[in-house]
Structure formats: C-alpha cells, structure tokens
1. Using the 10 angstrom Cβ neighbour count as an exposure proxy, how do A:311, B:210 rank, fewest first?
2. Tell me, Kirkwood radius of the stretch A:68-227 from alpha-carbon pair distances, in Å?
3. With helices defined as uninterrupted DSSP H runs, which ones in chain A have an alpha carbon span along their own long axis of at least 18 Å and mean Kyte-Doolittle hydropathy of at least -1.0?
4. Could you tally the net charge around residue A:403, taking each other residue with its Cβ under 14 Å from the Cβ of residue A:403, Lys/Arg +1 and Asp/Glu -1?
5. Once a ≥ b ≥ c are taken as the square roots of the eigenvalues of the Cα gyration tensor of the stretch B:92-210, is the result rounded (a/c under 1.5), prolate (a/b larger than b/c) or oblate (a/b not larger than b/c)?
6. Does chain A come out rounded, prolate or oblate by the C-alpha gyration tensor, with a ≥ b ≥ c the root eigenvalues, rounded set by a/c under 1.5 and, if not, prolate when a/b is larger than b/c and oblate if not?
7. Sorted by average packing, counted as other Cβ atoms within 10 angstrom per residue and highest first, what order do A:389-395, A:338-344 take?
8. Under a point spin-label approximation (7 Å from Cα along Cα-to-Cβ), what is the residue A:63-residue A:240 distance to one decimal in nm?
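We did not get these values from a lab; they are worked out from the coordinates using the rules stated. In this text the structure is predicted, and so the values were computed from the model without any measurement. Please note: Cβ atoms are built from the backbone with ideal geometry, for glycine as well, and neighbour counts cover all protein chains shown.
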Amino acid sequence: MRRRLRPIISLFAAVGLLLIVSRLYAADIFLETSKRRSEKITIGIIPFASTASDGGSRSNATDMALIAESILKADLDRSRRFNVVDYVNNEARGIDLTNAPDKKMIAWAKKSGVLAIAWAKLYPSSDKWVMEAYAYEAGNGNPVIRIKMTTTDVRALAHRFSDKLVYYFTGGAGVAQTKIVYRVDQADGRGVYLMDYDGKNQSRLIADASVIFPPRWSFDATQIGYTEYRHGLSNIYLFQLATGMKKKLFSSKGLSFAPAWSADGEGLVFSSTKEGNADLYAIRPDGSGLKRLTSHPAADLSPTWSPTGREIAFTSDRGGSPQIYVMNADGGNARRLTYSGDYNTAAAWSSQGNEIAYTCRNHKGFSKLCIDQVQGDGRVEVTVEGNWDDESPSWSPNGREIVFTSNRFGKNQIFVIRPDRTGLIRLTADSENNVSPAWSPQ
Amino acid sequence: MEAVSRKRDRLFLLFSAMFIALLLTGCPKKVSPLAKTPKSPAIINDRSLEGGEGRFDAPPDGGGTATVDEEEIPSTTVDASAGNPEEPVMSPKLHGQGGKTANLTDIFFDYGQSSVRSTDIPLLEKNVKWLLANPHGKIEVEGHADKRGTNEYNLVLAEKRARAVHEYFVQLGIDSSKILVVSFGEERPFCTVEDEACFQENRRAHFNVE
C-alpha cells in the first residue's frame, strides 16, 4: 500500500512546488506593476496656441494662453502623477510648435522620452473663453482627449484640462477644480469666503460678522453649512452656491454649529449646547428628523463622517481631556481613538479610507497636525516643530493633501501640505485672520 | 527495512503537507486601480471635437454630467449678503482700560478650566450686589478663552465658563430670564500678546448690562 502511495505523494509535492514557484513569480510581477503605477507619467506640454476672436476686437488671448499653460503645468506637477516636460525652451529643429500636434511633432516628442502629449488652443468667444484641448499617447500618436470647453474663467479651463489628464492617465479623479471655503475673522470683511484649490479667485460668499464657526460643505459641493450666532442664539443656515440664497436648517439657544454631511447626503451631524453641554445631533437636510446621538455630560463636538457613512469621529472630553472618539452613526459604541497627548481635536476623516487628520499638540503645547489610522496603531505627526499653531485640517477629496490654518508667519493663513510633510503651499497671504478651511468634496 | 521505508513515507507526507500549506497561504492580492468616474461640475460647456472619440466625449443624446450644448455659465463670485447683524459685534477692548462694565468686574479662569475659582466668588457676589441694587435690563455674560487650542473647542469651553457664572448669579438671586449666556471662544481676545499674562486676561467672563 505504502509503495503505491509514495509516487502519488511525490507527484503531489512536485506540483505543489511548481505552484509555489509560479506564485512567487506572480508576486514579482505584481510588485513590478504596482511600482509602475506609482511612477510618474512623463508628459510633454506643447506651447498653447491662441487666436483672437473672429470678427472681434483684439484680445489678450496670448496672455491668457500663457496663463492657462502655466496653470496646467502647475496642476499636473502638484498632482505628483506626472513628470512635466516643457518644450518652450527646447530647440525643436524643424518642428513647428505653433499648431496642433501632427504626426511629426508627436514622433519628435516621443523621442524626447514622453509617454503623453498635451496641447490646447485658446480663443475668446463673445464674453467667454474657449479652450480646445488635446492629449495624445506618444507611443501610437492616438488622440485620447479632444475636448472643446467654454467658460468665462480661463483658470477654470486649465484646471479642467488637468483633471481630464489625471483621470485618463491615472484612473483617479483630479482635484484641480475643487474649492476651499474658509472664514475670515477681521474687523473689516468678516465672513465666509471661497477660493480655488490654488488660492486664486478669493471671494466673499457670506458677509456676516456673527459667523464664528467653521463652514462646512454639503456632500455634493452645492451648499455651505454655517452658523449665524447672535445674543446667545444659533441659526444653522445652508447657503446655496448656485443662487446665493440661504436656507435655515436649525435654530436653538446656545451653540449649534459645523454640520457634517454624510457622503450620501442623507444625514447631517452637528454639535449643540442647547441642552446644556455640547452633544451631537443628527438631522436631515430638510431640517426634519432631529435625533440626539450623544448624551454624555461631557462636551462632544466636531463630528466628521467615515467615507462609508457607518461611523462618525468626533471630539469628546469625557475622559478628562479633549480626545478623538469614533462611534456608530446611530450614536452607539463610542470608543476612544487617540491616546497620545492631552489635547486632540478637530478630526477630519479622509474620504479615501481610514485615516483621520486632527489637531494635536507638541511637547511645547503648540497645536500641530496629526494623522491616525482608524484601525491599528500608527500616529503620524505631520507638523511637529515650530513655536506656532497649525490647526483645523481638512482633506482634499483624493486624500493626498490637507488644507489647514497656521499662524507661522504672524496672522492665521491657509496652507496646504501632504501627509508626508512635503508640498507645503501657502494659499492666503494678507493682513486678515484666515481660519477654518474646508475642502470641497468634489 | 520496514522501519526505514516508514520514515521516508512520513517525510514525504510532511513535505507534502508543508507544500499544501504554502500553496494555500501564498496568494498575492490583485489590486485594481480605483477608476472612479469623476463627478465633474456640470458648469462648463463641454463638447467633444468633431471626428474624435475621446474618453470624455459626451454620450450621444443626453446622459452624463458633461452634456453637449450646455449653456450654463458658472459664477465663482456670488454676492450674498446674509444681512447685517442687528448690533455691532463687541470689539476687543483696549488693553489697560480695565474689564469693568457698569461696575461689574471680569472673572478669570484657569487654563482649560470652566469652573469659577473659589477666590473669585467674592467678586461674583460683589457683582450680584450691584445688580440687585441697581435697575437694569438684560445681563449678557460673555465667555472667552485664550488662543491656545482649536476654535471649536474654545467656543464650547468659553460657553461653559459663561454658564458657570450664570449658575452662580442665579444661585445668588438674579432672575435667570434676565441673563443671556454668550460665547466668543478665542475670537475676541482682550489682548494679543503671546505671553502667559495675556493668556490669563483672555480666559475671562465679561459682562454687558443694558
């Protein structure tokens, strides 16, 4: 019996060995592929062309084309998914760089080592600008993007082109068209402001000195939730970006503020001291269905939703000091997340996964930015040193950047930084106190 | 002879078992890129160029966020006045003017604390005495915090301070309906110097009486 078994077992073992080896080989391929995915795509930007409008007055189309081109390059660079090759200063022997890329130009660009080529033509049309945007795969010269876009703001056209390139070549959504809402707290001009993700187009949305709470985006980026607070009474309003009208969501005595929207738009959660101490309440966007979520005598505030909508992270000092807690969306199963330090607040849950950014404190007592993983250990200190305060983090929708406020240069200004501490960008630079930034969800 | 072959059989079985175990545990996960459809704001007139089929060409006849012939013009600047506040917001008082309003002294708090210091109770009693002796309208108790810490948490902390004072006032005989509790968090500092002395001056309850 055993005699016959042995060959069968050896065959089995040989097959097993083969499979093991092939799996290891597959693992190598997997690693190679993922490494390639995180490598940057080399893209060549052919200088944008411009024409004056037909039959119209001579315009500053040339300037606008240059602006659009530089914005595109900056956006692609900031996305960290592209190596941007600039052909402006390159000597292009015999290559005409003033027209739409043809086969000859594409072949020449391919020789210079790019995988993709982008080019656009800009011209005015009545009171708007038109951008005809093209992108090609250098390998086969195939046009992969051919789009005509029309709008009043040239910057918006360039940002949109960037997002299209990011999406086509990386599969992920770009954030160049996203906005940041924030508060200005200065004697003149208090209120809620809006700006592009690169700090441009700063404009006041809501002029109201009584707004002292962080403004919050709706899930679809069409509304801003904010509070008007006067004489100890709070009114939470939903400001409609498209119409400029405000809609009252909730009123109460005391502080009711900073509503957080779930990703599906069904529920809002905010904090209110209407019953004495600060607790979290849920409400529907139409103002109905008020439900109390926490009833602990301690202060519970600053809610932020998980991307699944199943959990809420928030600040609570029920343990004696303000810390970040996580609970189910219905208010149950609250458990503590942060254990380092005696001051952890202002949680912001990334829409891309289980990272929560928040304001922590360094050993000198200054506010800093930290990130915790919801599962498991691992607290990352994004900013650490410096005798200044970094506060109020908010994630970009692709989870790759954090906008925050810092008084490192005197007044509070809005900055952007990456979780790996690189990519610090300053978005506001004025004599105001610019605080409480919130990044649009799309 | 028998014993040796039995040993070899066992070895074969052992190795086979190991291989099977490795087989079962060695599966690399396939990762697919998150190819999310971007929710592009449908505010820009987006048209695919003639003769081309790009990824972002609008699907024929309706559907998708970037539809052909969309005429809407986006407006990034919306002038929306939410109305002027009925009363001007209290501006920070000049340093050195003292924190008294209508003979009511400010009360100060310890760092991170909202309870009234026992040493301040006589001050509160003095304030109440004045209020009871003089006719007045609404009493506004403002809670404040120093700048350290986050805005939201300081708003809640400052309100707790104002509420604590409100409690004492009520206990000492003031009509609760005449007291209004207001919080300004760290937003309306009394002073802006970066030292402990100034921080202490900002951790206060301040009074306004009609």
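1. Details: A:311 17, B:210 10.
Ascending number of Cβ neighbours within 10 Å: B:210, A:311.
2. Values: mean 1/r = 0.0558 Å⁻¹.
It is 17.9 Å.
3. Working: long enough: A:2-38 (54 Å, 0.44); A:61-79 (27 Å, 0.25); A:154-170 (24 Å, 0.09).
Within chain A the helices that satisfy the rule are A:2-38, A:61-79, A:154-170.
4. Details: positive: A:78, A:179, A:183, A:216, A:400, A:418, A:426; negative: A:196, A:198, A:390, A:391, A:401.
In short, +2.
5. Numbers: a/c = 1.79, a/b = 1.56, b/c = 1.15.
Since a/c reaches 1.5 and a/b is larger than b/c, the shape of the stretch B:92-210 is classed as prolate.
6. Numbers: a/c = 2.17, a/b = 1.14, b/c = 1.91.
Note, shape of chain A comes out oblate.
7. Working: A:389-395: 25.9, A:338-344: 18.0.
Packing order, densest peptide first, comes out as A:389-395, A:338-344.
8. Rounded to a tenth, the inter-label distance reads 3.7 nm.
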